[in-house]
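Input: a single structure, listed below in structure tokens.
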Amino acid sequence: MSGTSEGPAPAEDLGRPAVTERGAEADPPHSSRPSSAHAAFAAAPLAMAVVDRKGFVRSANEAFAALFGGDPGALAGQAAAELVDLASDTRTWHAYRDVLRGRQARLRCTRRLKHPDGHSVWVQITVAPLPDADGGGAVLLSVRDISVRRELQARLRHLQMHDPVTRLPNRTLFFERLSGALDPGPYEEGGAGRIGLCYLDLDGFKAVNDTLGHRVGDRLLAAVAERLTRCADEAGYARAATPLVARLGGDEFALLVEDSTGTEQLADLAESVLKAVQEPFDLSGQRLSVSASIGVVERRTSETTATGLMQAADTTLYWAKADGKARWTLFDPERNAHRMTRQALSSTLRPAVDRGEFALEYQPLVGMEDGELHGVEALVRWHHPQFGTLTPNRFIGLAEEDGSIVQLGRWVLRTACRQARQWQLEHPGVEPVFVSVNVAVRQVWDSDLVADVADILAETGLAPRLLQLELTESAVMGSAGRPLQALQALSDMGVRIAIDDFGTGYSNLAYLSRLPVSVLKLDGSFVRGFRYDGGTHPNPADEVIVEALVQLAHRLGLTVTAECVETSGQATRLRRIGCDTGQGWLYSRPVTPDRISELLAGTGT
């Protein structure tokens with residue numbers, strides 16, 4: 001009987017005993033007067049052999065000889081390690097030698113041996129010392145047939161490692177294969193050293209389950225599994241290996257490409273899967289159509305981990321869903337970096353206020369007629385320790401989503417009012433400037449904005465008329481209930497209410513007459529239309545529209561501020577049609593409080 005080991009053969013000669021014939025130094029086969037013990041040994045159903053301290057068989061029973069298709073006498077003098085394959089891996093071989101030399105009490109291992117009639121037998125081998133009562137010292141080698149047990153274990157493992165609905169490998173087996181594929185060993189000689197993954201779920205599967213029931217849903221999953229397996233088989237044709245198809249749970253599947261040749265191979269596989277899944281399914285007369293969204297990742301095995309690969313695949317699958325479903329999307333490191341930055345910002349936003357990472361800059365609001373500084377708009381900056389200075393468009397949206405805008409907005413309001421009051425005290429002979437602060441809709445809903453403003457004005461000593469609150473047009477238009485009551489209370493207090501970016505939303509001037517608004521800030525897109533570019537003349541309709549807006553606003557008692565004023569030509573035309581104040585780089589970029597103080601003192605230019 002020949003043996004196949006569960007481990008690799010040792011690479012060097014470890015001093016094994018001769019295996020082709022009895023060695024010159026081998027002890028003679030054990031012989032003595034027949035006894036009941038020897039009779040029991042010979043007739044025992046358990047295969048056993050007595051082996052001398054040099055590793056040669058002294059005697060074997062009938063059951064042991066039957067494993068090798070011979071008689072017990074023919075086995076005497078043969079190397080036991082060769083008979084039962086104990087020399088094929090280093091660890092077992094050394095343990096066996098230690099038992100022979102009396103350094104180790106017992107050895108137990110499992111081997112698959114090949115019977116002379118051709119079938120394989122799984123056996124458990126035990127080697128243990130025998131008492132020295134009959135002299136010479138020896139060990140008992142016993143071999144137990146565990147094929148039935150191994151087969152049962154294999155069946156149980158198959159059940160544990162496969163999905164009962166689709167019969168595909170399940171999540172456990174998938175990650176076992178994935179971890180094995182990321183082991184550098186298999187690629188040390190001639191492999192590509194790359195790995196690819198198509199991670200997909202079904203679009204519309206929940207609707208099938210909800211409307212037709214889980215039985216139909218399970219049949220659909222099984223049918224999808226068949227198509228994915230067919231795609232994998234076709235992709236593996238004429239290649240070294242076929243992609244592994246697994247069901248990870250629910251309607252999620254994965255196709256693992258070991259030793260990938262690159263993104264082109266993964267893209268071809270994803271495209272074939274997409275087309276296969278989109279073909280209608282006929283399930284016992286029930287015709288169903290679904291599609292799939294697929295995230296595709298391809299990397300060097302040395303540059304990723306199982307967790308990293310799955311995170312990237314999950315992110316890419318999310319992109320495929322967000323981009324419209326029924327498509328495959330390749331992992332994009334830049335897009336992922338933006339997503340990770342967004343997550344990092346979101347997680348550090350709330351404590352950043354307490355850490356003092358925010359600061360305000362101020363952009364002048366200048367009278368169009370006199371060119372004097374009338375007010376400033378407070379603009380928040382985040383001095384992030386990792387990402388540098390961030391402008392509001394990078395974090396205000398996040399703050400509104402997680403509710404931290406309330407805390408941040410309160411800080412901005414207090415800081416701006418305190419600064420405006422400080423300028424007033426530092427320059428008593430100058431007409432005080434107002435400060436304009438942006439307010440998010442969530443601040444109106446999630447906090448008592450009226451109480452916050454009243455407390456801050458009282459705390460800082462700033463007059464209400466020197467505070468202007470800016471809300472976007474879409475936030476103000478259609479206001480009712482609490483927002484409208486808050487705006488009215490603030491206006492009654494003497495605070496000015498301005499609509500920011502006017503002209504990008506409803507632009508319903510008639511509705512403005514019913515709101516406590518005092519200022520319109522024209523969106524910069526109107527003002528940019530006033531600029532001469534490359535010798536071309538601006539559209540005259542822009543000027544007509546702006547002029548009409550300004551006239552209507554004035555008739556409603558509102559003042560108008562033009563944003564994004566960049567050239568003197570723009571300023572001249574805006575002044576001619578009646579804009580009250582201007583804001584933009586023509587006058588100044590956002591600057592520090594000290595620079596505004598210089599302008600008030602008349603030292604700035």
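Report the label-to-label distance for Gln104 and Gln488 in nanometres (one decimal), using points 7 Å from each Cα along the Cα→Cβ vector.
9.0 nm
Quick one: pull the percentage of alpha-carbon pairs in the stretch 367-484 with a separation above 26 Å. All intermediate terms of the calculation are to be shown ahead of the outcome.
On the way: 1862 of 6903 pairs.
In whole percent, the share of Cα-Cα pairs in the stretch 367-484 beyond 26 Å is 27.
Given bins 10 angstrom wide, list per bin the percent of all Cα-Cα distances in the stretch 162-331, short to long.
Reading the bins upward from 0: 11, 40, 35, 11, 2, 0.
Taking the structure as given and computing Rg and Dmax of the Cα atoms in Å, which label from (i) 32.4, 100; (ii) 41.5, 131; (iii) 30.2, 107 fits?
Derived directly from the coordinates: (ii).
If a/c stays under 1.5 just call it rounded; otherwise compare a/b with b/c (prolate if a/b is bigger, oblate if not). Do that for the stretch 344-601, with a ≥ b ≥ c from the square roots of the Cα gyration tensor eigenvalues. Present the calculation step by step, with values, prior to reporting the outcome.
Details: a/c = 1.41, a/b = 1.31, b/c = 1.08.
Because its axes are fairly even, with a/c under 1.5, the stretch 344-601 counts as rounded.
Quick check: residue separation of Asp117 and Thr567 times 0.36 nm, minus the Cα distance between them. What number comes out in nm? Working shown, then result.
Working: separation 450, 0.36 × 450 = 162.00 nm, distance 9.76 nm.
In short, 152.2 nm is gained.
How big is the dipole moment of the stretch 162-331 about its Cα centre under a simple scheme where the beta carbon of each Lys and Arg is +1, that of each Asp and Glu is -1, and everything else is neutral? Debye, nearest 20, please. The partial results should precede the final answer.
Numbers: 18 positive and 25 negative charges, 97 e Å.
Dipole of the stretch 162-331, to the nearest 20 debye: 460 debye.
Can you tell me the orientation of helix 306-322 relative to the chain, as the angle in degrees between its alpha-carbon axis and the longest Cα principal axis, to the nearest 10?
40 degrees
Counting only DSSP beta bridges with both residues in the chain, what percent are antiparallel, rounded to the nearest 5?
Numbers: 70 of 94 bridges.
Counting only bridges with both partners in the chain, antiparallel ones make up about 75 percent.
Could you work out how far the C-alpha centroid of the stretch 333-348 sits from that of the stretch 249-314, in angstrom?
Centre-to-centre distance over Cα atoms comes out at 25 Å.
So what is the relative contact order of the stretch 344-601, in percent, for Cα pairs below 8 Å that sit 6 or more residues apart? Can you show the working numbers first?
Working: 417 pairs, mean separation 50.2, N = 258.
Over the stretch 344-601, the number comes to 19 percent.
Every number here is computed from the coordinates shown, using simple stated rules; none is lab data. Values in this document were obtained by computation on a predicted structure and should not be read as measured data. A quick note on method: Cβ atoms are made from the backbone with ideal geometry, for glycine too, and the neighbour counts reach across all protein chains shown.
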